[in-house]
1. Where does the charge balance sit around Ala60 when Lys and Arg score +1, Asp and Glu -1, over other residues with C-beta under 12 Å from its C-beta?
2. Does the stretch 40-149 come out rounded, prolate or oblate, given a ≥ b ≥ c as the square roots of the eigenvalues of its C-alpha gyration tensor, rounded meaning a/c under 1.5 and, failing that, prolate meaning a/b above b/c?
3. Counting Lys and Arg as +1 and Asp and Glu as -1, what is the net charge of the other residues whose Cβ lies under 14 Å from the Cβ of Lys50?
4. Projecting each Cα onto the charge dipole of the stretch 36-150 (Lys/Arg +1, Asp/Glu -1 at the beta carbon, about the Cα centre), which of Ile101, Pro52, Val88 comes out farthest on the positive side?
5. Which net charge results when you count Lys and Arg as +1 and Asp and Glu as -1 among the other residues whose beta-carbon is under 13 Å from that of Arg70?
6. Show me the ranking of peptides 59-69, 74-84 by mean Cβ neighbours inside 10 Å, starting with the highest.
Amino acid sequence: MKLLSNWLKKLLGTKKSPEQLVEPFEAEEIVKVGGNLSGVVVGQILEIKKHPNADRLNVAKVDVGEKNPRQIVFGQMAKIEIGNKIPVALAPTILPGNKEINEVELRGVLSQGMLCLDQEIGIKKDGISITFFNEEEIVGTPIAEALNRA
């Protein structure tokens, strides 16, 4: 089971460090979320279209709190829909594991970032999952802040 330390601190009414919180238990590991995530924000899916030159790719317009939405090419690994608020890596940035995210053309369509699975931002190690934020979460919010409220 994974717990966010900020949520646990609030629940228990304590200011203990994550290490102090898990001391009485047999925790396998403490994962620090937010390290190396400076270029990842909450984004809202505005539009999804099929990629014109690739059967297994889609193109999304995503509001990331900037003047103009970003265009992002993605595969359909996790089910997302218009209106969803999810983690978005803004190009250029580097994700955990030194994965570089840059603006690139994928089969003739510009991609200005990446829609992030939990595994890509270090929340989970295995499987395929994505964090969805509630309607009140503000687009453009750094992901580390949003995760602390989730």
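1. +1
2. Rounded, since a/c falls under 1.5.
3. Charge balance near Lys50 sits at +2.
4. So the residue furthest toward the plus end is Pro52.
5. -2
6. Answer by packing, highest mean first, reads 59-69, 74-84.
Quick note: the coordinates plus some simple rules give every number you see, no bench work behind them. Keep in mind it's a predicted model, so treat the numbers as computed, not measured. Cβ coordinates were reconstructed from backbone atoms using ideal geometry, including for glycine residues, and neighbour counts include every protein chain displayed.
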